[in-house]
Every structure is written in structure tokens, then in C-alpha cells.
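Trainee: Dumping the structure here so I can ask a few things about it.
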Amino acid sequence: MSLSFANGTSREWKEDRTPVTEADTKINSLVIERIKAKYPDHGVWGEEESHNLGVQMTWVCDPVDGTMPFSHGLPISTFALALARDGQPIVGVVYDPFMKRMFYAAKGTGAYLNGDRIQVSDKDDLKDALLDEEGLRDSTKPVIPTGDGYIEELIEAGARPLKLWAVVLPSALVAAGEFTATIFNVPKPEDGAAIKIIVEEAGGKVTDLFGNEQRYDQPTKGYIASNGKVHQQLVDIIARHKDSQ
């Protein structure tokens, strides 16, 4: 990813009006190749290409999360990979090639950043809470109707919502205690599978947009990743506004 970024990257546009680069397709294909060789009975759900879906053990891959900033020269993109058993992530890794940051977790062992244990923040309200939102105001494939009402209420509550066009890195930073939460209004499991295990092993909470558990080896109902203490507040804000947009 970093080599492609350094050499300059061109983009094409998919039907959903999101970009795809050569790095996206090459990394996705490489993951499938390596998984097939090492674990021939496993499946791979990838953003650009998938293999052997519908099995118990499925690797869920986002080869380049944040393709929009990546393709425009902004270095905030990451690689994300998780192993899901019966739809539930049990191992997850997020790699930031620009800052050389590796976030990772396995079920029951805690979450780590470059070998150091990490945990979510203890912030219990939304005042001055740093949030990333993707798809609440605009999304080509939203889970819930888009509109400004969600953001307006977040701001009224004192939160500081950002939109980075890249959800995985700020979600990993929820696990590290830097962000309070992220909200993702797109039904893509590849953006949430690794985050589910990393954030929860760091003491946080990850659910769909309605506060429910979900599978990550099939299309999702978006997700909220939080430190756990503000989670219900975010679920309630979404519930109040989703039918009024």
C-alpha cells in the first residue's frame, strides 16, 4: 500500500461512486491467494473479491480502507483483516503503513498497538467527544436514511464529529482511547470485522446502528464502535432521527 502511495496512484470509479485503485485489487487478491494456500477450507470476504463464502471460518478483508483519501494523496488509509467464526470475529488486525502502527487483538487476550496494551477512554458523555461519522449525511448505500439531523444533535450535545472518508483508523483509535466513537452508515462487513474484536478487547463496544449484535461474514447494518459508556446515547440519537429524515 505504501509503495503504491509513494509511486502515485490512479483511480477508477465503481458503480456505487466510490473509487478503487490497483492497490485495492492487488492486496485483496494476495489475501485470497495466501488464505487458500494456508487454509483451503476457509472463506474470504473481500471488498473487491471474495472466495468460498458460506463456511464456518471466514477471513474478512478491507485491502485499503479510505480509498478516497488514499487516491488523493492523503495518508490516513489502513489495511484491515479479521477471522470470523460463525460470523463473529475472533482475531483482528489493522495496519497503518504510514505511521507503522499495528493494532491487533484475539478473543480473550486484550487489544494491542505495536505490542503495548491499549484500552478505550473512560469518557461518559458526548461533550467534547471526538467522533468520526461516515455515511450519516451522505452515502450511496445507507443502512438508514441520510440527513443532517444526526450531526446537528451530536453537535448540540457538545460532540466534535469529523468525516475522514476512512472509518477503520479512527475506529482503531477508539480502542486506543483517542476517539470516543465512530458511526458507520454503510452495510459493509469488511469495515467492521477487525474493529469489532479490537475495540471490544480494549474494553469498548461495537454493535449495529440499532444497538444489536450482528454477523460480520455478510452485509451488515452498519456499526457504532465506542468506548461503551456513550454507546446508548449514540443509539438513541440515531433512533430519534432515522425516521424523520
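Trainee: Label Asp41 and Thr109 with points 7 Å out from Cα along Cα→Cβ: what is the distance between them in nm?
Mentor: The two pseudo-label positions are separated by 2.1 nm.
Trainee: Right, another one. Beyond 25 Å between alpha-carbons counts as too far, so tell me which of Lys36/Lys100; Lys26/Lys107; Lys36/Lys163; Lys141/Lys229; Lys123/Lys196 fall in that bin.
Mentor: Cα-Cα > 25 Å for Lys36/Lys100; Lys26/Lys107; Lys36/Lys163; Lys141/Lys229; rest within.
Trainee: What angle do you read, to the nearest 10 degrees and between 0 and 90, between the alpha-carbon axis of helix 22-38 and the longest principal axis of the chain?
Mentor: So the helix axis and the longest Cα principal axis differ by about 70 degrees.
Trainee: Still on this model: Find the relative contact order for the stretch 2-117 and round it to a whole percent, using C-alpha pairs within less than 8 Å whose residues are 6+ positions apart.
Mentor: It comes to 16 percent, rounded to a whole number.
Trainee: While we're here: Normalise the Cα radius of gyration of the stretch 130-242 by 2.2 N^0.38 Å (N = residues in it) and let me know the number.
Mentor: 0.93
Trainee: Run through the DSSP bridge list for the chain and note the antiparallel percent, rounded to the nearest 5.
Mentor: Among the beta bridges of the chain, antiparallel pairing accounts for roughly 75 percent.
Trainee: Pull out a ≥ b ≥ c, the square roots of the eigenvalues of the alpha-carbon gyration tensor of the stretch 83-127, then state rounded if a/c is under 1.5, prolate if not and a/b is larger than b/c, and oblate in the remaining case.
Mentor: Oblate.
Trainee: Moving to a separate point now. Sorted by mean Cβ packing within 10 Å, highest first, what order do the peptides 37-50, 86-99 take?
Mentor: Final packing ranking: 86-99, 37-50.
Trainee: Taking the Cα centre of the stretch 126-245 as origin, work out the dipole magnitude from +1 charges on Lys and Arg Cβ and -1 charges on Asp and Glu Cβ, in debye rounded to 20.
Mentor: It works out to roughly 100 debye.
Trainee: Still on this structure, please answer the following. Find which of Leu30, His51, Phe103 sits farthest along the positive direction of the dipole of the stretch 2-117, computed with +1 on the beta-carbon of Lys and Arg, -1 on that of Asp and Glu, about the Cα centre.
Mentor: Highest projection toward the positive end goes to Phe103.
Trainee: Hey, if you put +1 on the Cβ of every Lys and Arg and -1 on every Asp and Glu Cβ in the stretch 130-242, which of Leu234, Pro189, Ala202 ends up farthest toward the positive end of that dipole?
Mentor: Pro189
Trainee: Counting pairs of alpha carbon atoms under 8 Å apart in space and at least six apart in sequence, what relative contact order in percent does the chain give?
Mentor: About 18 percent, as a whole number.
Trainee: Within the stretch 69-83, list the residues whose amide N lies under 17 Å from a label point set 7 Å along Cα→Cβ of Leu53.
Mentor: The answer is 82-83.
Trainee: Right, next: What is the gain in length, in nm to one decimal, between Asp116 and Arg240 on full extension, counting 0.36 nm per residue of separation less the C-alpha to C-alpha distance?
Mentor: 40.8 nm
Trainee: Let me ask something else about it. Return the single residue from Lys196, Lys221, Lys26 with maximal mean-square fluctuation; model: Gaussian network over the chain, springs between Cα atoms under 10 Å.
Mentor: Of Lys196, Lys221, Lys26, the Gaussian network model singles out Lys26 as fluctuating most.
Read-outs throughout are calculated quantities, based only on the coordinates presented, and are distinct from any laboratory measurement. Everything quoted here is computed from the prediction, not taken from an experiment. When we count neighbours, we look across all protein chains shown, and the Cβ atoms used for this are built from the backbone with ideal geometry, even at glycine.
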